[in-house]
Amino acid sequence: MQEPIEAIGAATATKPSRSSGFWATLREAVRGSEQDFTEGGIGRAIFLLSVPMVLEMVMESLFGIVNVYWVAHLGKEQAAAVGVTESLLTVVFTVAIGLSMGTTAMVARRIGEKDPEGAARVAEQSILLGVLISIPIGIVGALFSKQLFRALNAEDGVSAVGSGYMVVIFGGNVVIMLLFLINAIFRGAGDAAIAMRALWLGNLINLVLDPCLIYGLGPFPKLGVTGSAVATTIGRGCAVIYQFTQLSGGGGRVPVRFSRLLPDFGLMRNLLRISLGGMFQFLVATAAWMGLMSIVGRFGAAAQAGYTIAVRIIVVTILPSWGMSNAAATLVGQNLGARKPERAEKSVWLAGHSNAIFLTAVAVIFIVFPEFLIRVFTDDQTVIPYGVDALRYISYGYIFYGYGMVMAAAFNGAGDTYTPTAINLICFWLIQIPLAYTLAKWTGLKTTGVFLAITIAESILAVIAMLVFRRGKWKEQKV
């Protein structure tokens with residue numbers, strides 16, 4: 001790393017002790033402050049952006065965890081209904097994540113150009129586009145819930161108890177879309193703390209309402225699994241209302257005015273051009289993981305259960321890595337807008353080094369204590385060995401994952417969503433899936449072959465991404 005470590009810890013010019021400086025900067029990151037991320041220490045900028053982004057993603061994950069926890073106590077049909085609906089919601093998340101990538105890239109670029117009005121126009125068109133897309137999705141989900149359950153081979157009992165859940169979730173999918181998109185606006189503008197607070201508010205409301213509406217506590221009606229959907233939608237809806245107050249309050253960096261919320265088809269087309277690559281990028285990765293699950297499934301339910309537990313542990317522990325990656329995306333967009341491509345590149349490498357160091361430390365824990373971690377989730381002796389192998393072998397490539405995640409985010413932050421999509425296609429579908437199948441079926445490695453294939457493919461992905469990033473074509477991307 002080029003910068004001294006004090007760049008991350010120093011919050012003031014008076015140079016307090018390293019410890020007090022760190023805590024002061026941490027408080028500033030959580031509280032939020034007006035910053036120009038195209039100037040000053042890069043390490044400090046990464047820290048100020050990544051901390052609230054990590055907490056934001058923890059809150060987003062908490063939505064699903066809370067729902068599953070309460071619904072699981074109702075019965076297997078209700079739990080299955082949530083699982084089926086969440087699978088179908090992949091469509092919503094794909095669109096929302098793709099549009100979020102385009103929105104963050106374009107807003108960050110305008111902010112870096114010192115053009116807040118241009119950033120506001122992008123934000124307005126992103127919101128309008130999200131609302132327009134969510135309408136047909138909501139209609140299909142609400143009117144054809146039973147048919148959708150049958151399409152995924154759900155039993156009649158699952159459809160009977162879960163149709164209300166699907167109607168509410170899909171009927172209110174606009175709040176999911178807007179929550180993603182408006183937080184993408186805040187991230188692009190460098191207001192990561194506002195995005196974090198929006199999800200805190202939504203989760204707090206969901207946390208309180210979930211058991212009340214599921215079980216009919218106090219004055220609340222007993223709605224069963226449908227109550228979970230109502231609680232989640234209300235929580236997300238309140239978070240969106242908070243987002244709107246921040247956008248239209250006049251104090252933010254993006255002066256959105258809803259009175260001029262009319263279609264700008266040229267701007268929409270540019271936003272969609274960037275976002276389509278992001279959508280396909282997400283689909284490629286998601287489909288690859290589903291393919292791996294299918295291959296692991298050839299070795300029984302215990303293998304799938306162990307693999308699933310290991311992946312859940314991995315996802316939780318890489319939340320800080322996603323935060324650093326998203327911070328890099330914001331810094332790339334803003335610095336390219338400020339015509340400082342070298343600072344953008346330096347930001348990415350510093351984030352990559354930091355991410356690799358962090359994930360290497362996590363990998364050591366996973367390699368040394370995998371059984372202890374798996375046993376936290378299960379005591380099934382048939383499942384534990386598979387979980388242990390998955391956690392250990394996948395973590396061997398963690399140092400590469402650290403760079404790969406940041407490089408992909410950097411391309412997206414520059415508005416180049418097609419390069420990481422192409423890399424994903426090559427590494428996941430031309431290398432990972434065929435290699436996993438070959439090693440599992442023809443070498444006698446079985447599930448260990450699948451886990452090794454993940455490590456090999458992800459490591460190759462990181463190397464390719466770094467080589468392509470070094471070429472610097474992303475610096476010329478127009479958004």
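Computed from the coordinates by the stated procedures, all read-outs in this text should not be read as laboratory data. Computed from a predicted model, the values in this text were never measured in an experiment. Backbone-built Cβ (ideal geometry, glycine too); neighbour counts: all protein chains shown.
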*Hey, got the dipole for the chain? About the Cα centre, +1 on K and R Cβ, -1 on D and E Cβ, debye to the nearest 20?*
700 debye
*Under 27 Å between C-alpha atoms is the cut-off here; go through the chain and count lysine pairs that meet it, provided they're at least eight residues apart or on different chains.*
15
_Could you tell me the calculated FRET efficiency between VAL315 and ARG339, based on Cβ-Cβ distance and R0 = 30 angstrom, to the nearest 0.05?_
0.20
*Do the sum for the chain: with -39,500 (n - 2.57) for every DSSP H run of n ≥ 4, divided by all residues, what is the mean residue ellipticity at 222 nm, to the nearest 500 deg cm²/dmol?*
-26500 deg cm²/dmol
*asked:* Residue by residue through segment 157-168, what is 3J(HN,Hα) from phi via Karplus (6.51 cos²θ - 1.76 cosθ + 1.60, θ = phi - 60°)? Round to whole Hz and write x for glycine and proline.
replied: x, 5, 5, 5, 8, x, 4, x, 4, 5, 4, 5
*Answer with one residue from VAL364, LEU148, ILE399: the one whose Cα lies farthest towards the positive end of the charge dipole of the chain, charges on Cβ with Lys, Arg +1 and Asp, Glu -1.*
ILE399
*Compute from the Cα atoms of segment 52-263 the Rg and the Dmax, the latter being the longest Cα-Cα distance, and quote both in angstrom.*
17.8, 57
*Give, in nm to one decimal, the length gained when the segment between LEU204 and GLU155 is fully stretched (0.36 nm per residue of separation minus the Cα-Cα distance).*
14.3 nm
_As an exercise, take the mean of 1/r over every pair of distinct alpha carbons in segment 177-276, invert it, and state the Kirkwood radius in angstroms._
15.3 Å
*Cα pair distances of segment 280-476 binned at 5 Å [whole percent]*: 1, 8, 16, 19, 18, 15, 10, 6, 4, 2, 1, 0
*asked:* For a Förster distance of 51 Å, can you work out the FRET efficiency between the beta-carbons of ARG298 and ARG273, rounded to the nearest 0.05?
replied: 0.80
_Two-site label geometry, LYS478 and THR382: point separation in nm, points 7 Å out along Cα→Cβ_ = 6.1 nm
*asked:* Can you give me the orientation-averaged projected area of the convex hull built on the Cα atoms of the chain, in nm²?
replied: 23.2 nm²
*Between LEU26 and LEU425, what length comes free when the chain is fully extended (0.36 nm per residue of separation minus the Cα-Cα distance, one decimal in nm)?*
139.9 nm
*In nm, to one decimal, how far is the LYS146 label point from the LEU467 one, both placed 7 Å along Cα→Cβ?*
5.6 nm
_Extreme residue, positive dipole direction of the chain, given options ILE127, ALA229, THR455 (C-beta unit charges)_ = ILE127
_I'd like the Karplus ³J(HN,Hα) series for segment 348-363: coefficients 6.51, -1.76, 1.60, θ = phi - 60°, whole numbers in Hz, and an x wherever there's a Gly or Pro._
5, 5, 5, 5, x, 4, 4, 5, 5, 5, 4, 5, 5, 4, 5, 4
*Peptides 79-88, 393-402, 346-355, 285-294 ordered by average Cβ neighbours within 10 Å, highest first*: 346-355, 393-402, 79-88, 285-294
*Per-residue Cβ neighbour rank within 10 angstrom, fewest leading, GLU155, GLU476*: GLU476, GLU155
